[in-house]
1. Quick one: what pairs do we get from region 301-319, first residue open to solvent by 50 Å² or more (accessible area, probe 1.4 Å), second charged (D, E, K, R), C-beta under 8 Å, 6+ apart or different chains?
2. Which ones in region 127-145 are outside any loop (DSSP other than H, G, I, E, B), over 18 Å from residue 230 (Cα atoms) and open to solvent by less than 50 Å² (accessible area, probe 1.4 Å)?
3. In region 12-28, what residues are surrounded by fewer than 13 Cβ atoms within 10 Å (Cβ to Cβ) and in contact with a Leu (Cβ under 8 Å, 6 or more places away or on another chain)?
4. With the structure loaded, tell me whether residue 77 is in contact (Cβ under 8 Å) with a residue 12 or more places away in the chain and open to solvent by 70 Å² or more (accessible area, probe 1.4 Å) or whether it fails that test.
5. Report, by residue number, each residue of region 29-57 that is open to solvent by 90 Å² or more (accessible area, probe 1.4 Å) and among the β-branched types (Val, Ile, Thr).
6. Take residue 184 and tell me if it is crowded, with 16+ Cβ neighbours inside 10 Å and aliphatic (A, V, I, L, M).
7. Cβ-Cβ below 8 Å, separation at least six or inter-chain, first residue in region 321-340 and closer than 21 Å to residue 32 by Cα and at pLDDT below 85, second of a type in the set (S, T, N, Q) and buried (at least 22 other Cβ atoms within 10 Å of the Cβ): which pairs?
8. What residue, of 109, 124, is of a type in the set (Val, Ile, Thr), open to solvent by 50 Å² or more (accessible area, probe 1.4 Å) and part of a helix (DSSP H, G or I)?
Amino acid sequence: MNRPLYIAKRLLLGVPVLLFGLTLTFLILYLGPIDPVLAILGKDATPTAARNLEISLGIRYPNGSLVPLWVQYKNFLVNMVTFDFGTSWAIARNQPVAAMIVSRLPATIWLGFWSVLVALFVGIPVGLYAGLNSNSWSDYAASFGGIVWRAMPNFWLAVMLSGLITAGGVLSGYRDLIIETDVVGTSNALQHLFSGIDPFAGVPVLEFFWIPVPNLGPMAEAFKWILPAALVLGSSSMGNEVRIGRTAVLESLRSEYVDTAKAKGVSPRRIIVKHIGRNAVIPLLPVIMGEFYLLIGGSVLVEKVFSINGIGNLFIRAAFNSDIPVMMSLVFIFILMQILFNLLQDVLYTYIDPRITLSDTTE
C-alpha cells in the first residue's frame, strides 16, 4: 500500500474515534450538572433574561419549547468539525473561543516542545549508557534515578521546584543567572521569538508567505523561563525512556546480528550507532509519540502551578467556571491531536525499521 493511500485510510478510520470522543464529551457536559444560565448570568438572573439566554444558546426555541437533545447534538458536531467553537460563557464573556485558544497556544507548544526535548536528550542517552554498562555502579545509579524520576508526581514536583526557585527559595538565584527572567507567569519573550522576512511583499495571495528568523535574545530568555516547567513535565517521560532504553539495549546486545557484526570486525562505535542504537529506538517510538499527547494533558497541572497562560491552564479555568464551549473545543483539539500522533507513529515506524511496511501495520 502506498503511503498517501495508507494515510487517507487511517484518517478515515479516525473519524469514528473522533465521533465517539465528541459524543462522550457532549453527553458528559450537556447531561451533567452544569447549568448554562447559572454559569453565565449567575443566581440573580431574571426569568426573562434566562429565557432569552437559552434561546440565544440554542437550548430553547423562540416559542418557548426546548430544543430536542438530538438537535443540540447535531449542531454541536457541525460546529466542532467546522471549527466554529462559539464564544466563551464565563472566562471572557462573548470572546471567540478560537481566538482564546490561539492566543494561549504558543505557551503550551513552547512548554511541550522543550519537555519532549529534555526527556529525549536526557532519558535516551542515560538509558543507552546504562544498557551498555549493565550491572555496573553507573547502571545502578541511572536505573535508580529513572525509577525516582518516574515515581515523582508532576504536580508535587512542580510545587517543590517552583517554591525553590521563586523569591526566597534556595534556588532563587536561578532567576538572575545570565539572563534575568521570572519563573512564574508567562514570559513576554514568547511574542518575539521570530521575526519575519516577506519575500513576496506586495504580491497578491503570496504576500501571506513569510520566512521566520529566530531572535536569539528572546529565544534564550524564553528557554530559561520555561526550563523548570519543562523539567517537571518531562520527568515521568524521562524515567520511562531510561528504563525502556536500557532494556532495549540489553536485548540488542544479545542478538545475533551484533555477534555477526563483531565477527566481521565492525568497530564498536559503528555497532553501537548503526545496530544497537537504531534497534533500541524501535520500542521507544510508541513511548516517545505517546509523550506528545501525555505532555499536553500533563501541562494542565504544570501550567496551573507555574501560572503559565497556556491551553492547559485555560482548560482548568473553563472547568471551574463551567465554560462548556471552551471545554468542548479543547477536548476536540486533544482528540484530534491523539489521532494525528498515532498516524505519525505508524508512518515513522516504516522509516526506522525496514522490516515494517505500511501493509503490515494494517493487519
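The values are calculated or read from the model by the stated rules, or taken from the named source; none is laboratory data. In this text, all values refer to a predicted model and were calculated from it rather than measured experimentally. As a convention, Cβ positions derive from the backbone with ideal geometry for all residues, glycine included, and neighbour counts pool all protein chains shown. We work out accessible area using only protein heavy atoms, side chains counted, and drop any ligands, DNA or RNA first. Shrake-Rupley method; radii C 1.70, N 1.55, O 1.52, S 1.80 Å.
1. So the pair list comes out as 309/104; 309/303; 317/323.
2. Kept after step one, since they are outside any loop (DSSP other than H, G, I, E, B), are these residues of region 127-145: 127-132, 137-145.
In the following step, the residues that additionally are over 18 Å from residue 230 (Cα atoms) were identified as 127-132, 137-144.
Once the filter is applied, which keeps residues that are outside any loop (DSSP other than H, G, I, E, B), over 18 Å from residue 230 (Cα atoms) and open to solvent by less than 50 Å² (accessible area, probe 1.4 Å), region 127-145 yields 127, 128, 130, 131, 138, 139, 142, 143.
3. none
4. no
5. Passing the criteria: only 48.
6. Values: crowded, with 16+ Cβ neighbours inside 10 Å: yes; aliphatic (A, V, I, L, M): yes.
Judged against the criteria, residue 184 is a match.
7. Correct list of pairs: 323/88.
8. So the residue among 109, 124 that is of a type in the set (Val, Ile, Thr), open to solvent by 50 Å² or more (accessible area, probe 1.4 Å) and part of a helix (DSSP H, G or I) is 109.
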